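Novice: Take this structure, written in structure tokens, and hold onto it; I'll ask about it next.
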Amino acid sequence: MRLFDDAGAWRKELEDRRARARQLTDAAGADALLVFGCDRHGQGFRYLTGFEPVLGDMWLLLDGSDAQCVLTFQWQLPEARAASGIERWEAAFDPVSLVVALLRGAAVRRLAVAGLDRLPVPAYAAINEGIPGLEVLDLGAELGALRRRKTPLEVKRLRAAARVTDCMLDAARERIRPGVTENEIV
């Protein structure tokens, strides 16, 4: 069963989200936005890419009209490209040096960051050492506010997901009887 048949609309949704994130970045006076997530706490990353890796760190750099992503592991790169519509994905077991290289390549002097509260101190230090004079701004709350405001497509998808959940709960309720295990309900 396919829950959503609106791949083109979803791709546009992701592009619009990234455009709104760029507007936040511009309003903050930053050159670029770096979105960081790890350990199943990649809400901002997932919001802007439509993807979250199973393991490892996730980094998204939005500068100008460009988007580039870095992960800890390579095995999900094809899935990430397909889900996000972003072509530039890299991976390394210790991805911080790749992130520093991207920031240098983009000539970032003033960096907005979402996920700063999760960024490990050694990674933060490596970025600051790799780009002397870098000014860092926390844009996590602003990106979170964007995530909470739902678009018509998001509302449509949430309603469809709720309908599926309701059907599943109705089916489970019909099967529940004294003495029946959870494995028998499925």
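Bear in mind that the values in this text are calculations on the coordinates, not laboratory data. Here the structure is a predicted model, which is why all the values come from computation and not from measurement. So basically every Cβ, Gly included, is an ideal-geometry build from the backbone, and we count neighbours across all protein chains shown.
Novice: Can you order the peptides 36-49, 126-139 by their average number of other Cβ atoms within 10 Å per residue, highest first?
Specialist: Going from most to least packed, we get 36-49, 126-139.
Novice: What is the distance in Å between the Cα centres of the range 1-73 and the range 117-186?
Specialist: 13
Novice: Right, here's the next one. Just to be sure I understand: with springs between alpha-carbon atoms less than 10 Å apart, which residue in Val35, Val99, Val155 has the highest mean-square fluctuation in the Gaussian network model of the chain?
Specialist: Among Val35, Val99, Val155, the largest GNM mean-square fluctuation belongs to Val155.
Novice: Sort 83-89, 174-180 for me by packing, meaning the mean count of neighbouring Cβ atoms within 10 Å per residue, highest on top. Kindly include the intermediate steps, with their values, before the conclusion.
Specialist: Numbers: 83-89: 16.9, 174-180: 8.0.
Final packing ranking: 83-89, 174-180.
Novice: While we're on this one: Can you tell which of Asp31, Asp94, Asp170 shows the greatest fluctuation in a Gaussian network model of the chain with Cα springs below 10 Å?
Specialist: Asp170
Novice: May I pose another question? Given Cβ point charges of +1 (Lys, Arg) and -1 (Asp, Glu) and nothing else, what value in debye, to the nearest 20, does the dipole of the chain about its Cα centre take? All intermediate terms of the calculation are to be shown ahead of the outcome.
Specialist: Values: 26 positive and 27 negative charges, 134 e Å.
Dipole of the chain, to the nearest 20 debye: 640 debye.
Novice: Order of 57-63, 160-166 by packing, highest average Cβ count within 10 Å first?
Specialist: Output ranking for 57-63, 160-166: 57-63, 160-166.
Novice: Quick one: length gained pulling Val155 to Thr181 fully straight, 0.36 nm per residue minus the C-alpha distance?
Specialist: Values: separation 26, 0.36 × 26 = 9.36 nm, distance 3.49 nm.
Length gained, Val155 through Thr181: 5.9 nm.
Novice: Once the convex hull of the C-alpha atoms of the chain is built, how many Å³ does it hold per residue, rounded to a whole number?
Specialist: 150
Novice: Can you say what percent of the DSSP beta bridges in the range 50-186, counting only those with both residues inside, are antiparallel? Round to 5.
Specialist: Details: 6 of 14 bridges.
Bridges in the range 50-186 are about 45 percent antiparallel.
Novice: Anyone know which of Arg173, Arg147, Arg104 comes out most mobile in the 10 Å Cα GNM of the chain?
Specialist: Evaluated over the chain, the most mobile residue of the options is Arg173.
Novice: Sticking with this structure for a sec: Within a Cβ distance under 9 Å of Leu134, other residues only, what is the Lys/Arg minus Asp/Glu net charge?
Specialist: Numbers: positive: Arg109, Arg110; negative: Glu135.
Taking every Cβ under 9 Å from that of Leu134, the sum is +1.
Novice: Okay, next question. So what's the back-of-envelope 222 nm ellipticity for the chain, counting only DSSP H runs of four-plus at -39500 (n - 2.57) apiece and dividing by all residues, rounded to 500? Write down the numbers at each step before the final one.
Specialist: Details: 8 runs with 93 residues, N = 186.
Only helices count here, giving -15500 deg cm²/dmol.
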